[in-house]
1. Here are the criteria: (1) part of a strand (DSSP E or B); (2) over 18 Å from Ala127 (Cβ atoms). Tell me which single one Leu44 does not satisfy.
2. Can you name every residue in the range 32-69 that is farther than 24 Å from Pro109 by Cα and buried (at least 22 other Cβ atoms within 10 Å of the Cβ)?
3. Which residues, taken from the range 78-99, are part of a loop (DSSP other than H, G, I, E, B), small (Gly, Ala, Ser) and buried (at least 19 other Cβ atoms within 10 Å of the Cβ)?
4. May I ask you to list the residues in the range 171-210 that are of a type in the set (S, T, N, Q) and either surrounded by fewer than 18 Cβ atoms within 10 Å (Cβ to Cβ) or part of a helix (DSSP H, G or I) (or both)?
5. Examine the range 16-34 for a residue that is over 17 Å from Ile4 (Cα atoms) and in a loop (DSSP other than H, G, I, E, B), and state whether such a residue exists.
6. Are any residues in the range 161-182 closer than 18 Å to Arg71 by Cβ and of a type in the set (A, V, I, L, M, F, W, C), and if so, which ones?
7. So how many residues does the range 181-212 have that are in contact (Cβ under 8 Å) with a residue 40 or more places away in the chain and of a type in the set (S, T, N, Q)?
Amino acid sequence: MTPIRTLLIDDHPLFRKGLAELLEHDGRVHVVGIAASPAEARPLLRERPHVIVMDLHMPGGDGAEAIRALRAEGVEVPVVALTVSDAEEDMARTLRAGARGYLLKSMEPDEVVDALARAVRGEVVVAPAMTAKLVRLLDGRGAAQGSLMDQLTPREREILACLARGRSNKAIAQELGISADTVKLHVRNVLAKLNLSSRIEAAVFAVRHDLGAPPAAKAGAKKPR
């Protein structure tokens, strides 16, 4: 197994040093950079991390806003928040900013590594203690969004299914034989039509509506142009 190239961002020196040692000790992770703030981490992106692990509340910058800025710039490296906050509003804000997951610092190191491996594979990862809060966060929107499904074109449904499987824009473009710019446009339209704020909400929505099956599983379906 190729080690998970990981970039750590946390403002507490002792914690980030200890976390780096614990993750490296697992054997599945290779820490390619450690930073005290999002600004300090910027040059470390050239180390091509597979995943970024970021604290949320830092004097040097807000984690959710940093994630939003990365996504706006087209950086598609998955970001997983690792925080002490179990507040539902913090999780909502972070996931809507574009994070791939939300983990708690109270988790065991092997649980964190397992979650990072899943995030790199394209899965959405949430600390077990936060699962009920995530369900509650999304529950109030399910019925209204379900009625909006009819507004999606066949191509947009394909895009939504790809989001459920954690595909990046580049991977979706290759899978469907369209340009990455066209994928971005479709994703933007899907989020707008379903009244969603982020790809992670779209992924959860798609899984709930059984849209995550690979194209091969949809025998006889014709691919829209």
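Quick note: the coordinates plus some simple rules give every number you see, no bench work behind them. Since the model is a prediction, treat every value here as computed from it, not as a measurement. All Cβ positions, even for glycine, are placed from backbone atoms using ideal geometry, and neighbour counts span all protein chains on display.
1. Among (1) part of a strand (DSSP E or B); (2) over 18 Å from Ala127 (Cβ atoms), the lone unmet condition for Leu44 is (1).
2. Ala66
3. Passing the criteria: Gly98, Ala99.
4. Answer for the range 171-210, where residues must be of a type in the set (S, T, N, Q) and either surrounded by fewer than 18 Cβ atoms within 10 Å (Cβ to Cβ) or part of a helix (DSSP H, G or I) (or both): Gln174, Ser179, Thr182, Asn189, Asn195, Ser197.
5. No.
6. Result: Cys162, Leu163, Ala171, Ile172, Ala173, Ala180.
7. The number of residues fulfilling the criteria is 3.
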